[in-house]
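Single-structure report; data block below.
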Amino acid sequence: MSSAPRFNPSAHRPKTQRLRLGVRGAAGTRKSTFAASLADAGLGTLCFFDTELKSCHLPGSDGSRFDAFELTAPDELAVAIAWALRDPEGHARQYGCYALDSWNGWFGPKYAAFLQAKRVETALAYPELDGADLQRLQVVCGEVLRPLCIDSKACVVITDTIAGKGLEEKEDNEVGRIVPISASGLEYFVDVLVEAELRLGEGGIAETCLHRVIKTNNRALPIGLVLENPVFTDYLVRLGSTTVGTAETIEAEARDREAAPVLSVVPPPEASTEEALGALLAKVERYGFTRENLVTVAMRAYGKPLLTDLTASEIAALDGRIEAAAQKKQVPAAPAAPWAGSRR
């Protein structure tokens, strides 16, 4: 039996629902407040990655409501995510959901670094990144987004800051029209992308925050859906699922995957030794040899006078020797050479 591992379907079937939500909007549209609402969704402790040093304004960011981490250097984000997912200290916190506030706070400096490298390469003050540059940039982005959105197997909110829209831009982004894929690749990793907008009532007193779905992979959250003053729980209610991933279910699934038996490649059963020996004896008789001839060869080669003591590999080797002997036996004798210089 081979010990080569095979795919185990039972260990990889979807068991829980999760929602990875991207929230884009201008400054002041309550994106950070919405991201922090993950802490109240009953999923477990929220791990909040803050790239813009704004989490200090959110109630409970000191650890009493959720864990917030200020990350001033772009390279710190990947290290922080790895700590939360794989480091024993971070894993012990049993995070059940994650928030990144904001993506632009990390992507902006990374994009600027790529532009600076392009300036050095081209000696242009305002260079443009070519296709190869953008491909490398998306690989770098994936090194952050994939662990956060996929390896975590948890619900995630990622905020992204965009410029405020004027009337002409709003016309180009009406309900039902998908925004173009950005260079950062964020849209590839989230399930649902919404745009946040803050509207003021008459007299500028009442405020209403609107979320409008502009990209989706979930039919429960269709393009064009608008939610007023939402929290993350409102999205979970829309999902209508009772199996949303939590810290407990994520940990349980990890244990199940580790405990799942490793499937192995099992080769087709070989013919029994008795059957193989019977086939060899039939071949011996067919080629005009005798059983005694075979016993003599087996005794000389393996020291076994009893053919029933032969192993499968030994029988196979003897089969090859019988084949070779039969071929030699069938070769006709060479004709006698004519007498050289015969007398007349």
- [ ] Considering only segment 42-59, state which residues are of a type in the set (G, A, S) and either open to solvent by less than 20 Å² (accessible area, probe 1.4 Å) or in contact with a strand residue (DSSP E or B) (Cβ under 6 Å, 6 or more places away or on another chain) (or both).
- [x] G44, S55
Task: Residue satisfying condition, being surrounded by 12 or more Cβ atoms within 10 Å (Cβ to Cβ) and at pLDDT below 85, within set A298, A326 - done: A326
TODO: Look through D50, D62 and report the one residue that is among the acidic types (D, E), on the phi < 0 side of the Ramachandran plot and at pLDDT 95 or above.
DONE: D50
- [ ] Could you figure out which of (1) open to solvent by less than 70 Å² (accessible area, probe 1.4 Å); (2) farther than 22 Å from D40 by Cα; (3) not in a strand (DSSP E or B) isn't true of G203?
- [x] (1)
- [ ] Please state which one of R65, R93 is under 27 Å from the mean Cα position of the chain (by Cα) and open to solvent by 20 Å² or more (accessible area, probe 1.4 Å).
- [x] R93
Open item on the list: Given the criteria open to solvent by less than 20 Å² (accessible area, probe 1.4 Å) and in contact (Cβ under 8 Å) with a residue 12 or more places away in the chain, does F189 qualify?
Closed with: no
TODO: Can you run down the residue pairs with Cβ atoms below 6 Å, 6 or more apart or on separate chains, where the first is in segment 288-300 and over 14 Å from A325 (Cα atoms) and the partner is assigned to a loop (DSSP other than H, G, I, E, B) and open to solvent by 60 Å² or more (accessible area, probe 1.4 Å)?
DONE: M299/P305
TODO: For G22, work out the one condition from (1) within 14 Å of G245 (Cα to Cα); (2) open to solvent by less than 20 Å² (accessible area, probe 1.4 Å) it doesn't fulfil.
DONE: (1)
Open item on the list: Looking at (1) modelled with pLDDT under 90; (2) in a helix (DSSP H, G or I); (3) under 30 Å from L236 (Cα atoms), which one does Q135 not meet, given that it meets all the others?
Closed with: (3)
Open item on the list: Exactly one condition in (1) touching a Ser or Thr at 6+ places or on another chain (Cβ under 6 Å); (2) assigned to a loop (DSSP other than H, G, I, E, B); (3) farther than 25 Å from T208 by Cβ is false for T249; which is it?
Closed with: (2)
- [ ] For segment 54-85, name all the residues that are free of Cβ contacts under 8 Å to residues at least 24 places away in the same chain, among the hydroxyl-bearing types (S, T, Y) and closer than 16 Å to D40 by Cα.
- [x] S64
Task: Pairs with Cβ under 6 Å, 6+ apart, first in segment 226-249 and without any contact (Cβ under 8 Å) to a residue 40 or more places away in the chain, second of a type in the set (D, E, K, R) and part of a helix (DSSP H, G or I) - done: L227/D234
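The values are calculated or read from the model by the stated rules, or taken from the named source; none is laboratory data. Predicted model only: the values in this text are computed from it and were never measured. Please note: Cβ atoms are built from the backbone with ideal geometry, for glycine as well, and neighbour counts cover all protein chains shown. Please note that ligands, DNA and RNA were not included when accessible areas were found on the heavy atoms of the full protein model with its side chains. Shrake-Rupley method; radii C 1.70, N 1.55, O 1.52, S 1.80 Å.
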